[in-house]
Amino acid sequence: MDDSTRRFLQRLIRRIPAQMLKTTLDKWGRLTAAQKQSMDFTEPKWAFTERLLDICEENGWTWKHITELEMTYVIDNPNQGMWYAFQLMDPEDDAHSVELTHFKEQFKSHLSELARPVSVKMKKHADEAIWIRIAWGDSFSRPNHQKPTYVVHHLQTPYVFVTSLTSKQKPLLSQALVLSTRHQAIKDASLSGRKLGAIRDLLMRQYQQVFPTSYPSPLAERNETVSNPQIEKEQAKSAENRLQMACEAFGDGMLPQLQSSVYKLETKFKDHTNKTMTEREEPFRCVVKFASTNLLESLRHCASSGIASTPVTPLLSSIPLKGRNYFIIKDNGPGPSSQTRQTQN
Amino acid sequence: MQAASATGVLSHLSRLEVHARSRKTEPQQRSRVTELKAAAEQLRMRREQLRAEVETHKNLQKLRTSMDKRREDKEGEEGMDEDSEDSELLRLMARHTQLNDLLYAHHIIGGYDAIKTRQGQGLCLSLPTAYDGVFLETYNLEIDVKPAPRIARHNIPPFIPLSDLVEQSDMKTDIRAFLDTLSQHLNAFSGRKQQLKLVKELHKSVEVMESNALCSILVMMVTVPNEKTAILCTLDYTDHTRCLPTRVHFECNGKPLADSPDWDTNRSLLLETPVHKALSTMRRMGNIV
């Protein structure tokens, strides 16, 4: 094991929190039972790392094995860094019959052709997700394992989730994905977040949506916190209506956790009391950002408690409806209109 | 004298022999009689049980007809004034069969619930899915009616080709055709998903190697008893409107399996019956572990 590999392993162990070390090493599955016994998970990390390095020397492990350990850790703890969603467009006729081994082979060969040298590792997770770890190199150096890109894709769905991708690497990855999934183009889905599960659930509609029904609203039934039958709520009906509309716009129960929503306004300034600004020809550029630990939950609460007017404005309800949290709003006739960011590739 | 003593001993011996033999047959006869008596008793109990069931069923039918008639006549009286537990139970059972029939009627006319929203400008449809008598997920579509029918919101998963289906059928003139095709896709998807779930639950000896979100491909590893070889079964569901595979392929050690009557039977089982039932039959026949 050379120096860079040792340092990489040291940095990786430093990164993994102490309480997750044992489970991550077990899942990695490369240590024998005897070696596992000899490791002391209570000693300080630097001592633990030394012991692990000795075992790695014993077994003659290389980059291949250590990056496997990193991938195991990231798959279990994906919520680090920002994830960006992409959407594949215009499937070919055989896109829906692309199967796993075929996709793996094609992706590896296309990416190796486009970005030589590159180190690609692919793994299928239990929930049908394919995880890809890419370490990029260029004509001067070997693949850089310190800054890998992670890609997650579910076959037969149009969505791809990516983290840690530079703008130089983006066209190479896009081309490889488009060719191996048998589509014609890929575009930015204008959705980003810190939690992979949240943006995935939002796009795949894996949260509880509410639709109007002719039956008594299950929401009203569930929210009956009748503490004292003598107390009567005066505005119960309108509160119920607001709750129904808020849930129809955003969903019911646990909502996917988004952290922010950004609106880039390129509209003309409209304020009759401020003549100088209104007389300007150019649009007034302004960026509005909503941030929260759980944005959709906050917006839903705003609507149901009456802070935001109902029916919910399409500016806010577009977030779950269109599955995006970046909007560009221009003056294109009556009412605001939203457009996608300039398409990539 | 010798003859007399010999006869004495011999006759004694023969008497003992007869005694021993009779002891063997007598208990046999006795046990046979008790067996038959026990069987007769069981059959009598079963007859009583069946008589009681028939009686209950007759009462249920009577109650059911009176309930249906009451619904039609819209009378507000409560018949059956007996407050016994039996009649309460009977009433519940009649109501249960009534609801089941109602659900079935709703199902055979398409099963879609449609309600108007936003003062007639919107329409919300719900498409239930079911497989093998079990209701699975319900999917919803919210449609804007004006200026042209267009889907505003839905919770249909992205691997169902919704936009393709919208293009293929004209929503303005024949929305029913569009809904029927969409319902076919959704029901087939739910059916395949349910079959996969049952395979994982019921057949622990079969390892699912590959499946995908659309449940259109299934690769399983089965083991042959005695030889303990592992066979890879690939099921391709290329027709997404069906719950049964269009192609079944067996592989052993990377090479296609040689033809044999056993595996031909297995192939036709997998092509013609749902996968979890086919696997049960294969196990019963002893073809797989």
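The values are calculated or read from the model by the stated rules, or taken from the named source; none is laboratory data. Every value quoted in this text rests on a predicted model; they were computed, and no experiment measured them. Glycine gets a Cβ as well: all are built from the backbone with ideal geometry, and neighbour counts include every protein chain shown. Protein only, heavy atoms only, side chains kept; ligands, DNA and RNA dropped before computing areas. Shrake-Rupley method; radii C 1.70, N 1.55, O 1.52, S 1.80 Å.
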Hey, if we sort A:Val162, A:Val120 by accessible area with the 1.4 Å probe, largest down, what's the order?
-> A:Val120, A:Val162
Could you run the Karplus curve 6.51 cos²θ - 1.76 cosθ + 1.60 with θ = phi - 60° over the stretch B:248-265 and give me ³J(HN,Hα) per residue in whole Hz, x for Gly and Pro?
-> 10, 9, 10, 9, 10, 6, x, 10, x, 6, 5, 5, 7, x, 4, 6, 5, 4
Projected label distance in nm at B:Asp262 and B:Ser11, using a 7 Å step from Cα toward the beta-carbon | 6.7
Whether chain A is rounded, prolate or oblate, judged on the alpha carbon gyration tensor where a/c under 1.5 counts as rounded = prolate
Kindly write out, for the stretch A:315-327 in residue order, the coupling ³J(HN,Hα) from the Karplus curve 6.51 cos²θ - 1.76 cosθ + 1.60 (θ = phi - 60°), rounded to whole Hz, with x marking Gly and Pro.
-> 4, 8, 6, 5, 4, x, 5, 9, x, 9, 10, 9, 10
Distribution of pairwise C-alpha distances over the stretch A:83-204, 5 Å bins, in % | 2, 11, 23, 25, 21, 13, 4, 1, 0
Going by a ≥ b ≥ c, the root eigenvalues of the Cα gyration tensor, does chain B fall in the rounded group (a/c under 1.5), the prolate group (a/b larger than b/c) or the oblate group?
-> oblate
Find me the longest stretch of chain A that has none of the exposed GluC sites (Glu not before Pro), where exposed means in a DSSP loop (not H, G, I, E or B) with at most 12 other Cβ atoms within 10 Å.
-> A:93-223
Divide by every residue of chain A the summed helix terms, -39500 (n - 2.57) for each DSSP H run of at least 4, and state the resulting mean residue ellipticity at 222 nm, rounded to the nearest 500 deg cm²/dmol.
-> -12000 deg cm²/dmol
Residues whose placed amide H lies under 5 Å from that of A:Asn325, excluding near-sequence neighbours | A:Leu191, A:Ser192
Quick note, the stretch A:3-76: a/c under 1.5 would make it rounded; otherwise a/b > b/c is prolate and the rest oblate (a ≥ b ≥ c, C-alpha gyration tensor); here it is rounded
Semi-axes of the stretch B:203-284's equivalent ellipsoid from the Cα gyration tensor, sqrt of 5 times each eigenvalue, largest first, rounded to whole Å?
-> 20, 14, 13
Using amide H atoms built 1.01 Å from N in the peptide plane, name the residues 5+ places from A:Phe269, or on other chains, whose amide H lies under 5 Å from its own.
-> A:Phe284
Charge sum, other residues only, whose C-beta stays under 15 Å from B:Val166's C-beta, Lys/Arg counted +1 and Asp/Glu -1 = -3
R0 of 45 Å, Cβ-Cβ distance B:His96-B:Val145: FRET efficiency to nearest 0.05 = 0.75
Could you work out, residue by residue across A:98-105, how many beta carbons of other chains sit within 10 Å of that residue's beta carbon, and then give the average as an integer?
-> 2
In nm, give the distance between the simple-model label positions of A:Lys45 and A:Ala33, each being 7 Å from the Cα along the Cα-to-Cβ direction.
-> 3.1
Chain B: relative contact order from alpha carbon pairs under 8 Å, six or more residues apart, as a whole percent, is 8
In deg cm²/dmol, rounded to the nearest 500, the helical mean residue ellipticity at 222 nm of chain B, built from -39500 (n - 2.57) for every DSSP H run of length 4 or more, is -19000 deg cm²/dmol
For the stretch A:273-292, list residues with backbone N below 14 Å from a point placed 7 Å from the Cα of A:Leu315 toward its Cβ?
-> A:284-291
Highest mean packing first, using Cβ neighbours within 10 angstrom, the peptides B:47-55, B:119-127 sort as B:119-127, B:47-55
Across B:Cys252, B:Cys215, B:Cys233, the residue with the highest GNM fluctuation in chain B (Cα network, 10 Å cutoff) is B:Cys252
Rg to Rh quotient for the stretch B:103-228, alpha carbon positions, Kirkwood Rh | 1.11
Build a GNM of chain A with springs between Cα atoms under 10 Å: which of A:Arg200, A:Arg14, A:Arg324 gets the top mean-square fluctuation?
-> A:Arg14
Hey, could you get me the Stokes-Einstein D for the protein assembly as shown, Kirkwood radius over alpha-carbon pairs, 37 °C and 0.692 mPa s, rounded to whole µm² s⁻¹?
-> 105
Rounded to whole Å and sorted largest first, list the principal axis extents of the Cα atoms in the stretch B:146-289.
-> 68, 27, 26
Of B:His57, B:Ser216, B:His96, which is farthest on the positive side of the dipole of chain B, counting Cα position, with +1 on Lys and Arg Cβ, -1 on Asp and Glu Cβ, and the Cα centre as origin?
-> B:His57
Separation of the stretch A:233-299 and the stretch B:109-181 by C-alpha centroid, Å?
-> 29
Apply 1/(1 + (r/R0)^6) to the Cβ-Cβ distance of B:Thr241 and B:Ala39, taking R0 = 35 Å, and write down the FRET efficiency to the nearest 0.05.
-> 0.10
Between B:Ala130 and residues 5 or more places away or on another chain, which pairs have amide H atoms under 5 Å apart, with H built 1.01 Å from N, and which residues are they?
-> B:Leu136
Lys/Arg Cβ at +1, Asp/Glu Cβ at -1, dipole of chain A taken about the Cα centre: which of A:Ser317, A:Thr101, A:Thr149 is farthest positive-ward?
-> A:Thr149
Within the under-12-Å Cβ sphere about A:Ile16, not counting A:Ile16, Lys/Arg +1 and Asp/Glu -1 give a net charge of +4
Calculate the mean, over all residues of peptide B:210-216, of how many other protein chain Cβ atoms lie within 10 angstrom of the residue's Cβ.
-> 6
The stretch A:237-330 - Rg (one decimal) and Dmax (whole number), Cα, Å = 15.7, 48
Note down the relative contact order for chain A as a percent, whole number, built from C-alpha pairs under 8 angstrom at least six residues apart.
-> 15
Within 10 Å of each Cβ in B:121-127, the average number of Cβ atoms from other chains = 2
Report A:Met82's accessible area, 1.4 Å probe, all protein chains in place, as a number in Å² to the nearest 10.
-> 60
